[in-house]
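In what follows, a single structure is set out as structure tokens and then discussed.
The values are calculated or read from the model by the stated rules, or taken from the named source; none is laboratory data. Quick caveat: nothing in here was measured; it's all calculated off a predicted structure. Every residue, glycine among them, receives a Cβ derived from its backbone with ideal geometry; neighbour counts consider all protein chains shown. These area figures cover heavy atoms from the full protein model, side chains too; ligands, DNA and RNA do not enter into them. Shrake-Rupley method; radii C 1.70, N 1.55, O 1.52, S 1.80 Å.
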Amino acid sequence: DNAMKAVRGVQLAAKGVGDVFTGGRDLHQRLHCLQSTITGVESYYHHDCYVRILPDELKLWAKHLCGEAREAHERLSLRVDRMEKEGVRGAAESSLHALSSAAGAITGIAILDVGRHIEDELNQIIAALNDILSRGTRLVSITNAIMLQKLMQRLTSGEAAAAATTTTLSAAEACPDLARFEIDTISPRLWVHPVDDGTVVAGDKLVVTWETIGSVPQINVRFKNCMGVETSRGKTVLRLTSELGEPNRGSVSGLVPVDFAPGKYTLAVSDPSNSIRGINFVTVLRPIAVSDIIEPPSGLGRSLAWRAPSWARGTTHSLRWRMH
């Protein structure tokens, strides 16, 4: 009977943490909405009838935006699953009175912060996809209307042969002012490509690349301490560009200091005013050093003499070390 009550307590606690984590939001539904929107944008911008009409800038930006959205969908899906599992586990521990420390409270706050960050990122990407889709739809609709009008004028004037050979107009030819407006007024975005394996070893060179949507002439690249939680918040701890910014070339490289503290960091790329920004996450690993060697459990291994080259030639010894 007590065991059943304990199990029921765990279930209720887990449900409570899950509800608090999502804040009443259905993050899986938002992920499904993102996937559907990606499919819609790609289908529209790849349609043969529209490719000849749409401006090259919008087609390129749609490609970049869909790439960013697919990467975000995969990354955020894993984060939602992982955070939900961690939330349930934390709830189970709490129901058994095993999570009563300040560390438990900090973990709960971190889970809530990540939940809000996931929803914000999903909403922003879905809004950007819908925006570029609506821009393409407006241009295609008006261009088709203008071509239809020209065709009707030729038919009514008796130019049937000329009407039969009418070529397709581009949006820039049919409505140049609107085409230029749609290109110039798009909300700029930065898509930061994931770092290889998501890791870099302190002391190594790091190459950061990104794609730009719209006009972002100057950029700022920096590491922010996110305290191990994947959010856009955090204090800048390392700059790969000057604080005033550098010309946007789509990539930048820099050296991570050899004494840089290991852990997870936010890799932020933005304009100098930080009004246009993109982020990704990277884990800094510490290179193996003498201090990382796990000494044998005996007292001899704890002396500094153990580290000295005093072993006899030809003898065999076992070493174990810790990877960070």
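Observations on the model:
- Here the spin labels are modelled as points 7 Å beyond Cα on the Cα-Cβ line, and at LEU78 and LYS264 they lie 1.1 nm apart.
- Spin-label model, ASP177 to THR199: label points 7 Å out along the Cα-to-beta-carbon direction sit 5.8 nm apart.
- In a fully extended conformation the segment linking THR156 and ASN123 would gain 7.0 nm over its present Cα-Cα distance, using 0.36 nm per residue.
- The stretch between CYS33 and THR236, if pulled fully straight at 0.36 nm per residue, gains 69.8 nm over its current Cα-Cα span.
- Treating r as the C-beta distance of THR137 and LEU319 and R0 as 45 Å, the FRET efficiency rounds to 0.10.
- Dipole magnitude for the stretch 209-270: computed about the Cα centre from +1 point charges on Lys and Arg Cβ and -1 point charges on Asp and Glu Cβ, it is near 160 debye.
- Linear extension gain, ARG52 paired with SER251, 0.36 nm per residue minus alpha-carbon span: 68.6 nm
- Ranking by accessible area, most exposed first, for MET152, MET147 with a 1.4 Å probe: MET152, MET147
- Estimated from the Cβ-Cβ distance and a Förster radius of 35 angstrom, the FRET efficiency linking ASN225 and GLU71 is about 0.90.
- Between the stretch 123-157 and the stretch 229-278, the alpha-carbon center distance in angstrom: 39 Å
- Phi-derived couplings, Karplus 6.51 cos²θ - 1.76 cosθ + 1.60 at θ = phi - 60°, listed residue by residue for the stretch 134-139: 5, 5, x, 5, 4, 5 Hz, with x used for Gly and Pro.
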